[in-house]
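First up is the structure itself, then whatever we jot down about it.
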Amino acid sequence: MIEAIVQFIGVLILLTAFEILAQSYIRPMINTVAIQSILLAVIMVITGILENRLDFIILAVLTIAVRGIAIPEVLKKDVKKHGIWVYREVGTRVPSLVIVGLILSIVGYVIYRAAFSVMQGDLPFILFLLGFLVIIAKKNALAQMVGYIVEENALLYAGITISHMPLILEAGIFLDLLALVLAGVILAAEKDYGVLELEELVG
């Protein structure tokens, strides 16, 4: 029963990645990746309780605090500051991007099952590919930052479900710090150059 719940949450996490691909507006993308991070934290808590792993629970709290609340709030404040929540990216063709995401998911699933014997890692692997797709397909720096957070979530998801890698708490803290640094670099650059890499169209 618990395994089925965890698997269901994993599917929801994957669906949030498709929601990000389907979005043209920046603010909903940020909200969706925050939800994705919280869902991942729920899996961490469940796994931590079942396996008596305090480090998983600590990592879940950090994930919610940093990727579920702190980074999304920083990004949303930047969106509000520049008033771009009423604009959308015209350079990203959303229907085509979703189709590419579906094809990439199928190909990723086939490749993973052919290359690896561990069955539980297919969802994190597909999530990682979708995060990479967000980064290369989106034109806005904030959207690309969202893609980076998706990839972070995929790596931690893989670490929990596949091998329960040692030092996962330290790895999670490092990824969170790196995300905060990247967000700071983006905001600092925008002070000098304005909104980065955004083709705007009134929505």
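Readers should treat all values here as calculations from the given coordinates under stated rules, not as data from a laboratory. From a predicted model like this one, the values you see are computed outputs, not experimental measurements. Every residue, glycine among them, receives a Cβ derived from its backbone with ideal geometry; neighbour counts consider all protein chains shown.
Between ILE49 and ALA22, the modelled label-to-label distance comes to 3.0 nm, taking each label 7 Å out from Cα in the direction of the beta carbon. Other residues with beta-carbon under 15 Å from the beta-carbon of THR47 carry, at +1 per Lys or Arg and -1 per Asp or Glu, a net charge of -2.
Sorting the segments 22-35, 1-14 by their residues' average number of neighbouring beta-carbon atoms within 10 angstrom, most packed first, yields 22-35, 1-14.
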